[in-house]
Amino acid sequence: METKIAVATVNGKAYYQLVTELQKKNLSFLSLKPWDPIPLHVRVVLTTKEESDQISNPRILVFRQGTNPESVVDEALLIIQGKKSYERVVVGVDPGKTYGIAVIGDNKILETITASKIEDANHLIVDKLKRFPAEIKVVRVGE
């Protein structure tokens, strides 16, 4: 399978944050310098604002320092799936000593996380519902 996401930056902090998020979501990516040619199979390029003018690609997503890299990676994931939003996002919650939370978009697991306190779980659920655009949003709590 050809890689559809490229990270094109020489900014060490931005590279680290983007790559860490991509790896957390098990997404393959190509590392490039901003002036490198972009292979045709790459559908989206992640970079910084300062380097974006050096990149020749119709789909560039700009990562701004001090922001959460999750949102840029989530947007890249939508692009490589050919979507503007999900039809249905389900946030599943497994209650217990720790709360297991899974985010599923159009029957594909987007993210899994855990929380040890109910307050943290509530915050994470609301955050995930805001972060993933969808026509239908559902929260399901197990027993």
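Quick notes on this structure:
- Normalised by the number of residues in the chain, the mean separation of alpha-carbon contacts (under 8 Å, six or more apart) gives a relative contact order of 20 percent.
- Under a 5 Å amide H cut-off, with hydrogens placed 1.01 Å from N, T3 pairs with nothing among residues at least 5 apart or on other chains.
- Violating pairs (Cα-Cα greater than 19 angstrom) within the set K25/K97; K83/K137; K4/K25; K117/K137; K13/K33: K25/K97; K117/K137
- Counting only alpha carbon atoms, the long axis of helix 118-131 and the longest principal axis of the chain meet at about 40°.
- Radius 12 Å from Cβ of I101, net charge of other residues (Lys, Arg +1; Asp, Glu -1): -2
- Placing a label point 7 Å from the Cα of Q23 along the Cα-to-Cβ direction, the residues of the range 45-80 whose backbone N falls under 16 Å of that point are 69-70.
- Size of charge dipole - the range 1-130 - debye, nearest 20, with Cβ of Lys, Arg +1 and Asp, Glu -1, no other charges: 120
- FRET efficiency, 1/(1 + (r/R0)^6) with R0 41 Å, evaluated for Q65 and I109 via beta carbons: 0.90
- CD proxy at 222 nm, helix term only [per DSSP H run n ≥ 4: -39500 (n - 2.57); per residue of the chain; nearest 500]: -8500 deg cm²/dmol
- Charged neighbours of V89, selected by a Cβ distance under 14 Å, balance to +3 (K, R count +1; D, E count -1).
Every number here is computed from the coordinates shown, using simple stated rules; none is lab data. These figures come from a predicted structure and were not determined experimentally. Cβ sites come from the backbone with ideal geometry, for glycine too, and all protein chains shown count toward neighbours.
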